[in-house]
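Step one of this worksheet: look at the structure below.
The values are calculated or read from the model by the stated rules, or taken from the named source; none is laboratory data. On a predicted model such as this, the values are computed, not experimentally measured, just so you know. Quick reminder, even Gly has a Cβ in these numbers, built from the backbone with ideal geometry, and neighbours come from all protein chains shown. Keep in mind that these areas ignore ligands, DNA and RNA; they rest on the heavy atoms of the full protein, side chains included. Shrake-Rupley method; radii C 1.70, N 1.55, O 1.52, S 1.80 Å.
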Amino acid sequence: MSNQFTRFFIFLSLLAFAPSFCFSSKSSSTNGGSLSPHFYDHCCPKAQEIVKSIVAKAVAKEARMAASLLRLHFHDCFVQGCDASLLLDSSGSIVSEKGSNPNRNSVRGFDVLDQIKSALEKECPHTVSCADIVALAARDSTVLAGGPSWVVPLGRRDSRSASLSGSNNDIPAPNNTFQTILTKFRRQGLNVVDLVTLSGSHTIGNSRCTSFRQRLYNQSGNGQPDNTLNPSYAAQLRRRCPRSGGDQNLFFLDFVSPTKFDNSYYKNLLAFKGLLSSDQILLTKSQTTMKLVKQYAENSKLFMEQFAKSMIKMGNISPLTGSSRGEIRKNCRKINS
């Protein structure tokens, strides 16, 4: 009996110090991978709390950071799926996506993600992926700005590669035609409702002069401004966005409530005061999108509810799941050696 008791005691002792394994009980993925909001419940129960705390401090320090972290999730998911490929610096065979046209001198918030990763590595080493950190930070940023919350499916793994060409070609650009933008969304399994809804993230954040200059001076190659841009608003923009120079000058995407996540973005479109061409064409180039713009402008609750649904859908683009795919990076900026 004493030997049996000793063996039982040893078993319990080993069990107490055994690592907790992450697991997914329910599938939530458009590509068959298994994601679950409970993925870290046992292996890193404080993960979401840690992310939320650090994001809150960053946004309190700089309100603009909420939009920056939300944008990182978008630009990550549209290239190779939601796999944190955007966070990789150039190294060895990897050419960073940070140098692409949509990202260069534009994407930001990497230091905040580094802080989160460092804190999580101390709490539960080699457990929480950078891809999941990006997804959680986007949700928390939206909430802090006054937007909706949603339950984030978790369990993504990190890529061991990046795609500069994918970043240049797959992320919708401010000057793309409506059909080109819609095609880029559809390639990711997103539809026209997701397009109009996720564009509403432009209710917070900034854009550079270089992203909309052509609307002010030469929209169609005839030396004339965009006729779908409110003339008085255009005159106001020209003061700090000249024909040449000032490329990096920043402008609010939503001049009415630039740091508050609300539906004023859609109201601005109805007044022909959308900053980017890719914003305003939602009202002018499609009856379907025009109807949605009007609905969201009139009904904030409808917009908020659909935004949460579309963010979950976007967050499920081609995740790497299972131990045989991707990795859990120790440092979000480089693959494990």
Original post:
Hey, any idea what % of the chain's accessible area is carbon plus sulfur with a 1.4 Å probe?
Top reply: 53 percent
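If we count every other residue with Cβ under 15 angstrom of residue 293's Cβ, Lys/Arg +1 and Asp/Glu -1, where does the sum land? Could the numbers behind the result be given before it?
Values: positive: 267, 273, 285, 291, 294; negative: 194, 254, 262, 279, 298.
Summing Lys and Arg as +1 and Asp and Glu as -1 gives 0.
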Original post:
Between residue 309 and residue 111, what is the spin-label point distance in nm, taking each point 7 Å from the Cα along the Cα→C-beta axis?
Top reply: 3.9 nm
Subject >> Per residue accessible area in Å² of segment 186-261, where ligands, DNA and RNA are left out and the probe is 1.4 Å >> reply: 49 Å²
**OP:** Could you give the size of the charge dipole of segment 232-309 about its Cα centre, using +1 on the Cβ of each K and R and -1 on the Cβ of each D and E, expressed in debye and rounded to the nearest 20?
**Re:** 200 debye
Original post:
With the dipole of the chain worked out from charges on the C-beta (+1 for Lys and Arg, -1 for Asp and Glu) around the Cα centre, which of 272, 174, 207 lies farthest toward the positive end?
Top reply: 272
Subject >> Solvent exposure, largest accessible area first (probe 1.4 Å, DNA, RNA and ligands not counted), of 207, 149 >> reply: 149, 207
Original post:
Taking the Cα atoms only, what angle lies between the long axis of helix 47-61 and the longest principal axis of the chain, rounded to 10 degrees?
Top reply: 40 degrees
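From the Cα gyration tensor of the chain, with a ≥ b ≥ c the square roots of its eigenvalues, which class applies: rounded if a/c is under 1.5, or else prolate if a/b is larger than b/c, or else oblate? If you can, show how the numbers build up before the last one.
Numbers: a/c = 2.34, a/b = 2.08, b/c = 1.13.
Because a/c hits 1.5 or more and a/b exceeds b/c, the chain counts as prolate.
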Subject >> Only Lys, Arg (+1) and Asp, Glu (-1) charged, at Cβ; segment 77-117 dipole about Cα centre in debye >> reply: 120 debye
Original post:
Quick one: length gained pulling residue 236 to residue 325 fully straight, 0.36 nm per residue minus the C-alpha distance?
Top reply: 27.0 nm
Original post:
Roughly what angle does helix 65-77 make with the longest principal axis of the chain, taking Cα atoms, 0 to 90 degrees, to the nearest 10?
Top reply: 80 degrees
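With charges only on Cβ, +1 for K and R and -1 for D and E, what is the dipole size of the chain about its Cα centre, in debye, rounded to 20?
Working: 41 positive and 24 negative charges, 110 e Å.
The dipole magnitude comes to about 520 debye.
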Original post:
Between the helical axis of 2-17 and the dominant principal axis of the chain, each derived from Cα atoms, what acute angle in degrees is found, rounded to the nearest 10?
Top reply: 10 degrees
**OP:** Have a look at 162, 244, 198 and report the one farthest towards the positive end of the charge dipole of the chain, computed about the Cα centre with Cβ charges (Lys/Arg +1, Asp/Glu -1).
**Re:** 244
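Counting only C-alpha contacts under 8 Å and six or more residues apart, can you give the relative contact order of the chain as a whole percent?
Taking the mean separation of contacting Cα pairs over the length of the chain, I get 24 percent.
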Original post:
Which shape class, rounded, prolate or oblate, goes with segment 192-337 when its Cα gyration tensor gives a ≥ b ≥ c as root eigenvalues, a/c under 1.5 marks rounded, and past that a/b bigger than b/c marks prolate?
Top reply: oblate
**OP:** Would you please give the residues with an amide H less than 5 Å from that of residue 206, counting only those at least 5 places away or on a separate chain, with H modeled from the backbone geometry?
**Re:** 253
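Taking a 26 Å limit on the Cα-Cα distance, which of the listed pairs 122/313; 46/334; 273/301; 260/309 fall beyond it? Walk me through the intermediate numbers first.
Values: 122/313 31 Å; 46/334 24 Å; 273/301 22 Å; 260/309 20 Å.
Pairs exceeding 26 Å: 122/313.
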Original post:
Going by a ≥ b ≥ c, the root eigenvalues of the Cα gyration tensor, does segment 37-111 fall in the rounded group (a/c under 1.5), the prolate group (a/b larger than b/c) or the oblate group?
Top reply: oblate
